[in-house]
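Accompanying notes for the structure given below.
Only the coordinates and a few stated rules stand behind these numbers; no lab work does. For clarity, every value in this text was computed on a predicted model and none was experimentally measured. Cβ placement follows ideal geometry from the backbone for every residue including glycine, while neighbour counts extend to all protein chains displayed.
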Amino acid sequence: MNPTTTEQIRDYIEFWLNGIRHQVKGAAAFATLSDYLRYECQLTGTKVVCAEGDCGACTVMSARWNPLLQKNSSYISLNSCIAMLFLLDGAHLVTVEGLAEDGKLCEVQSSMVRNFGGQCGFCTPGFVMSLTDLFENKSEVTKKQVQNSLTGNLCRCTGYLPILQAALDVNTKKVKPLASRYPLTSDAALMTKALHLRFEDKEIFAPTDLESACDYKLKNPEVVIFSGATDLGVQFNKGKLRPRKFMSLHLISELFTCAKTQNEFIIGAKTTLAEFQKLVQKDIPAVDEFLNIFASPQIKNAGTLIGNVANGSPIADTTPVLMALDTEVDVFGPQGKRSLLLKDLYLGYRKLNLQPGEIITHLRFQKPSAGAIFKNFKISQRRDLDISCVNASFLFETKNNLITKARIVYGGVGPVTQRLLQVEQLAIGQPLDAQLISRLKNPIRAEIHPISDARGTAQFRHLLAENLLTKFLQENAQP
Amino acid sequence: MKSTKSVTPHDSSHGHVSGQAEYIDDRLFTAGEVFVDVYYSAVAHARIRSVDCTEAAKIPEVLCLLTAKDLKVNVWGSIFHDQPLLADEVVRYVGEPLVVIAAKTREGLLKAKKAIRLDLQELEPVLSIDQAIAQKQFIAGTRTIARGDVDQALASAPHRLSGVIKIAGQDHFYLESQACIAYPKEEDQIEIHASSQHPSEVQHLVAEALGLKFHQVVCIVKRMGGGFGGKESQAGPFAVYAALVAQKLKRPARLVLGKDDDMQITGKRNPFQNHYEVGFDDQGKILALKAQLYSDGGAYADLSTAIMERAMLHSDNAYYIPHIEVKGQVCRTNTASNTAFRGFGGPKGMLMIENIIEDIARTLSIDAFDIRQKNVYQKGQKTHYGQTIEDDVLPELFKKVRQSSDYDNRRKEITAHNRRGEKTYRGLSVTAIKFGISFTTRFLNQASALVNVHMDGTAQVSTGATEMGQGVNTKIAQVVAEVFSIPASDVRVMPTSTEKNHNTSATAASSGSDLNGQAALKAALQIRERLSKVAKAVFDRPSSSRGRAVAGAGTVPEIDISTLPVVEMLFQDGQVIDGPNKISLRELIEEAYLNRVSLGAMDFYRYPGIHFNKETGQGQPFFYFTNGVAVSEVSIDRFTGEAKVLRSDVLMDLGRPTNEGIDMGQVLGAFVQGMGWMTTENLFYSGKGALLTYSPSTYKIPSVHDIPRDFRVDFWPRSTNEKNLKGSKAVGEPPLMLSISVWTAIKNAISSHPQGSGQNMSVPATQEKILLALNGLL
């Protein structure tokens, strides 16, 4: 059954760019946002350097449409080089060209000029946009906040300090929120219409209900579902992914769920990493802290939690965290709903335990108990915005100084993110202290099977796996 | 950091922050413009049996596929002509260009690349310096720079150490990848806009390869999105590819590399492997150094021999070594031809001696700071190549930074911290630089400038300097503005063009502002001299003889300045003053025009007094030295090997900076760029010579959190450099080498761990190497 009737279908996407409405169909709808800006609109202030979301030169501001809340999000930063244009259906966008008013620079731009924030200038528009994101709705910022807001922007000239100084020198009284200049006026009625856009042999399908999505996936098994496109956009740019059928779930309101009920958190497939971080910020500080060193603001504003999980990479950074929390995965398919434990989702390297037509819709997990000790690690060549060499999550509970529950999860030590079930068993009933590592060392070594690659040797990964647990036990040893 | 608010901002800063500053790929597409790309080898070493473009040529969007046979001249090289523009018989590295593709769409380029068929007979590649040495695969001969009797001095030295330091390469990671657009013009002329540090070389190379005369090719460089040496020689071949397409198709041709391709095709900083033996006394005074430097030149010579020479000239760094012998040999391997990178060979020589000093300190249990102060050059001492040190700046800098960084107290505190052996180990280290300013090849040290003054009192300046973010245009504008006492914003430095400034040198060797700034200053002074004479004549006549109407009527005799003596006038805030007499600059300029006095001037500058005999290794290669010191403190996590730079104190001797804000930016940026090389930037190759870390997802340059937590940069206030442009000193490269202090601090931290094995540390000190070293496994 397909509840989407023809009258409810449109064949174009719609968005606002620097206050002007754009309706796009044809080849351009399949392009990335940065290509659309640079080649269709001559808005060349947005630069493309890496085309993989690592350098931030392409940063623009975006307020995406949320069908559950029936309104746009606030303006947040986005990597336009890996954002597929069709994913921005319903969004309001502002580029660096949209900041100055009648040739008069905005306060962030002026401060960058005053403080020598640019040298060669190629990364500068991206920094200006990330700082614009930072100052939307903020009356005061700390150096740390500035740095956290700029982890997605690379500069090779300035050594960053002049940019930090520019940020701290911004007179926030002079900063005008973007929404005051570019009001968020998306057409709610249009967003209730499914999107089916065809060009030559390619098509984009964005249904408004789950049944249609599953039906389409079942009939077109080659379809690629794009969510935040923070990984697929990279593969697309590198010519590794050239799908003919694209699907987006951005019009299905139930997938925007991002809520806490009593002690359970429920996260829909369209929940971004940034929204997820905000949701758990107070209740699970260990996750909040971890998300500060994971990805960049631009990536977290676009990438979804479920996208990170469904990608199936053995070094996905949220998977160990969610596995330690005993997360359950809700799946919707031709046979209706089912649930499974996250640890059972991965069958092998990037191979998921999903049936034809099935779509992951939600993740659910409980808030850790009050006495739980929870810590997440990410080891990478560079601390920020780097793909992990090894990551790990440890969640322990104790009673009368003895371990009653142990979750020991590693990524980057084998083909899938791995809970070390045997090591966990050995830990149960033991005191939580630094000496425990001597009993667990060899079992860890036996249970993991790391390889050597550009991010590190197997020897390094073995050493890290052992040392991270050592560090955890030392830091959390109970007297 | 000093306040920079009162000084002139970068001349493109408005364009930078608003997105209006135009780079190559921002240029509007012209009618019929085509996209150009290169197809390159995926194999490191092979004989080419055939390159088959038949299928690729059938793709509708594809317009042409060009190979070696389409070039009139297929060899280039900045020093030796040894590199094919397009490989024809043998491919010598992964990434070596074979075919130039032109297509109507970018998608067409992708399709064509997939359809080209190569038939290769694979040959054994040489992939390391060790392999090259074993197989005697060398570029040019071994050079030697020596003084004294090093063998005897080593034999009699109370202590000796020997070792090898391995220094990896570094990718430039300029944000704007290689890019150019070639426009065909009438009578076979080509106008090429390139992201290049060396427009004259581009002009010459394009002309030669296409069989044109130099006067048929104009190269224009508006600005680069970063260069760092990576666009000194290596922008050239890409310009040829675009120009070749423009010539064949008679259509504008745009070549803009993606970052992945750029990193695979272009050369890097040369890796070095330096073998040394050093002799010293009980106090740590260095008596003798014998060193053999090997560099990895990659597949072709490029600039590697000059880079090696600079490494040899900086093997002493800031320290007097009485008996010294430095030999240098460039090796040939099957990797991309390595090339210039900020510092050139300098850091590779400096790293060796700074590393040696750390090891001497540990051997003698003396603080490495003391060892450095014992060995630092004093005024009047001579370098191993015979140049005299003319001042006492270096010892003064050491003294100042020891106190301003609170070195001794922090050392005590760190020693106590490390003894506790908790979660982190900390290290503290000072290093110095004495960086020679000049191209070591004398004839490159020349520059010309054209200054045109307009009737409204504004001026346009053209020089051979290229703007890559370093602010050379801003400095030149300031210098010219000061001559006429007008705001810097009334002076516009125009795009660099080979039709205005000919036979220019690359903007390199930190000398861009010195050479071109001096030339512009001289040109501007010529015009001021003429204007002063006109002013004198105007003041000497009744005011009724001024003005366009009078000149038009021809009723008053013309002022002939060729008959007038040189006079001094005061140029002040748009006025020209001589005692009680005063005229606005604008009116004076009009009077000069009306009296047929030229308001344009071209002038020329060369560093005086430099010479260097490459055969004897002796001379005065440098016009002067830029000096500096830095103290860095790091903390390493004993469980993960993660290193954090807690604090860096940088003290630079920059003379009287033309623009403090710009120089501060150069110091900060160079230091952080160097830190990346010292720590996280890891060029990782497959066993078959393919670079695997060819994008920022795997090649990690420093991010905003990686800079020193506490970053203090200061300029030496007592510095003077009267021989150079307005007392300034060159700043582009030198501060990069102060980042060596971060690396030596990491070594210092490792050495305080009971099992630490820092003596084998190489560059970069990655997290993995640090963790292995802490566990005695490196």
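Relative contact order of chain B, taken over Cα pairs closer than 8 Å and 6 or more residues apart, is 14 percent. Using the alpha-carbon centroid of each, what span in Å lies between segment B:413-472 and segment A:294-365? Computed from Cα coordinates, the inter-centre distance equals 49 Å. Distance distribution note for segment A:98-220: the fraction of Cα pairs above 24 angstrom is 48%.
Between B:HIS275 and B:LYS423, the modelled labels are 4.5 nm apart [label points 7 Å from Cα along Cα→Cβ].
Here segment B:276-296 is scanned for amide nitrogen atoms under 17 Å from the site 7 Å beyond the Cα of B:SER162 along Cα-to-Cβ, giving B:276-280, B:287-294. In summary, the helical segments of chain B meeting the span-like criteria, namely a full DSSP H run, a Cα extent along the axis of 18 angstrom or more and a mean Kyte-Doolittle hydropathy of at least -0.5, are B:236-249, B:346-364, B:472-484, B:512-539, B:660-678.
Its alpha carbons give segment B:533-683 an Rg and a Dmax of 28.4, 91 Å. Neighbours of A:GLU101 by Cβ distance under 13 Å: Lys/Arg scored +1, Asp/Glu scored -1, total +1. The equivalent ellipsoid that matches the C-alpha gyration tensor of segment B:630-744 spans semi-axes of 31, 18, 11 angstrom, in descending order.
On full extension, the segment bounded by B:LYS185 and B:THR388 gains 67.8 nm, given 0.36 nm per residue less the C-alpha separation.
Mean projected area of the convex hull spanned by the Cα atoms of the protein assembly as shown, taken over all viewing directions: 51.8 nm².
The P(r) of segment A:84-168 has a tail past 20 Å containing 35 percent of all C-alpha pairs. Please compute the net charge surrounding B:LYS423, taking Lys and Arg as +1 and Asp and Glu as -1 over other residues with Cβ under 9 Å from its Cβ. Net charge in that neighbourhood comes out at -1. Inter-label distance, B:ALA31 to B:ARG596: 4.4 nm, where each label sits 7 Å from its Cα along the C-beta direction. Of the Cα atoms belonging to segment B:1-155, the radius of gyration and Dmax stand at 24.0, 73 Å.
Placing a label point 7 Å from the Cα of A:LYS219 along the Cα-to-Cβ direction, the residues of segment A:322-362 with a backbone N closer than 16 Å are A:334, A:357-358. In this calculation the C-beta distance from A:SER180 to B:THR144 is compared with R0 = 45 Å, giving a FRET efficiency of 0.05.
Can you give the log10 of the normalised intensity I(q)/I(0) at q = 0.21 Å⁻¹, computed with Debye over equal Cα scatterers of segment B:501-604? Log10 I(q)/I(0), no solvent term: -1.06. Among A:MET247, B:MET308, sorting on how many other beta-carbon atoms sit within 10 Å of each Cβ, with the fewest leading, yields A:MET247, B:MET308. Running Debye on segment A:34-154 with equal point scatterers at the Cα sites and no solvent, what base-10 log of I(q)/I(0) appears at q = 0.11, 0.12, 0.18 Å⁻¹? With one equal scatterer per Cα and no solvent, log10 I(q)/I(0) is -0.36, -0.43, -0.99. Once the convex hull of all Cα atoms in segment A:191-336 is built, its volume per residue stands at 136 Å³. All other residues whose Cβ lies under 11 angstrom from that of A:GLU397 are scored, Lys and Arg at +1 and Asp and Glu at -1, for a net of +3. Using C-alpha pairs under 8 Å with a sequence gap of at least 6, the mean separation divided by the residue count of segment B:711-778 gives a relative contact order of 21 percent. Computed from the Cβ-Cβ distance with R0 of 41 Å, the FRET efficiency linking A:ASP209 to A:HIS449 stands at 0.45. The 3J(HN,Hα) values that the Karplus relation (6.51, -1.76, 1.60; θ = phi - 60°) gives for segment B:623-632 are, in residue order, 5, 6, 10, 9, 10, x, 9, 8, 10, 10 Hz. Gly and Pro appear as x. Helical content of chain B, expressed as a calculated mean residue ellipticity at 222 nm, amounts to -9000 deg cm²/dmol (DSSP H runs of 4 or more residues, -39,500 (n - 2.57) each, divided by residue number, nearest 500). Taking segment A:329-479 as the region of interest, the number of lysine pairs whose Cα atoms are within less than 22 Å, with members eight or more places apart or on different chains, is 20.
For segment B:106-170 versus segment B:684-759, the inter-centroid distance based on Cα atoms is 22 Å. Over all Cα atoms in chain B, the spread is summed up by Rg and Dmax: 28.1, 95 Å. Rg/Rh, computed from the Cα trace of segment B:133-225 with Rh as the Kirkwood radius, has the value 1.28. Between rounded, prolate and oblate, where does segment A:150-201 land on the alpha carbon gyration tensor, with a ≥ b ≥ c its root eigenvalues, rounded for a/c under 1.5, else prolate if a/b exceeds b/c? In terms of gyration-tensor shape, oblate.
Measuring between alpha carbons in the structure, the pairs from A:LYS25/A:LYS245; B:LYS114/B:LYS700; B:LYS72/B:LYS248; B:LYS522/B:LYS723; B:LYS374/B:LYS399; B:LYS136/B:LYS327 lying more than 18 angstrom apart are B:LYS114/B:LYS700.
In this entry, segment B:58-104 is assigned a mean projected area of 4.4 nm², taken as a quarter of its C-alpha convex hull surface. Each residue of segment A:362-377 is assigned a 3J(HN,Hα), and the resulting list reads 8, 10, 9, 8, 8, 5, x, 5, 4, x, 5, 9, 10, 8, 10, 10 Hz, derived from the Karplus form 6.51 cos²θ - 1.76 cosθ + 1.60 (θ = phi - 60°), x at Gly and Pro. Decide, for chain A, between rounded, prolate and oblate: order the square roots of the alpha carbon gyration tensor eigenvalues as a ≥ b ≥ c, take rounded if a/c falls under 1.5, and otherwise choose prolate if a/b is larger than b/c, else oblate. Oblate shape, in that a/c is at least 1.5 and b/c is the bigger or equal ratio.
For segment B:558-634, the Kirkwood hydrodynamic radius from C-alpha pairs, put into Stokes-Einstein at 4 °C and a viscosity of 1.567 mPa s, yields a diffusion coefficient of 72 µm² per second. Annotation: amide H-H contacts under 5 Å for B:VAL75 (H modelled 1.01 Å from N, sequence separation of 5 or more, or interchain): B:LEU85. In this structure the amide hydrogen of B:PHE138, modeled in the peptide plane, comes within under 5 Å of the amide hydrogens of B:ARG332, none closer than 5 places in sequence on its chain.
Along segment B:272-280 the Karplus relation, 6.51 cos²θ - 1.76 cosθ + 1.60 evaluated at θ = phi - 60°, assigns HN-Hα couplings of 10, 9, 10, 9, 9, 9, 10, x, 8 Hz to successive residues, with x for each Gly and Pro.
Let me make sure I get this right: for segment A:308-457, a, b and c are the square roots of the gyration tensor eigenvalues over alpha carbons, sorted descending. Under 1.5 in a/c it's rounded, otherwise prolate if a/b > b/c, else oblate. Which is it? It is oblate, given that a/c is not under 1.5 and a/b is not larger than b/c. Residues of segment A:383-415 falling in the label zone of A:ASP433, defined by backbone nitrogen less than 12 Å from a point 7 Å along Cα to beta-carbon, are A:401-402.
Comparing Cα centroids, segment B:208-257 and segment B:481-518 end up 22 angstrom apart. For B:THR555 and A:GLN23, the FRET efficiency from 1/(1 + (r/R0)^6), where r spans their Cβ atoms and R0 equals 60 Å, is about 0.30.
Under conditions of 37 °C and 0.692 mPa s, segment B:152-201 yields 197 µm² s⁻¹ as its translational diffusion coefficient, taking Rh as the Kirkwood radius over Cα pairs in the Stokes-Einstein equation. Across chain A, the mean sequence separation of Cα contacts (distance under 8 Å, 6 or more residues apart), normalised by length, yields a relative contact order of 12 percent. The gain in end-to-end length when the A:TYR39 to A:THR261 segment is fully stretched comes to 75.3 nm, 0.36 nm per residue minus the alpha carbon separation. At the listed q of 0.22, 0.35, 0.36 Å⁻¹, the Debye profile of segment B:493-532, built from one uniform point per Cα, gives log10 I(q)/I(0) equal to -0.83, -1.15, -1.16.
Straight Cα distances below 18 angstrom link A:LYS300 to the aspartates and glutamates A:GLU52, A:ASP54, A:ASP133, A:GLU136, A:ASP231, A:GLU275, A:ASP288, A:GLU289, A:ASP317, A:ASP384, A:ASP386, with same-chain residues fewer than 8 positions distant left out. If you take the Cα atoms of segment B:683-778, find Rg, then find the Kirkwood Rh from the mean of 1/r over all pairs, what is Rg/Rh? A ratio of 1.10.
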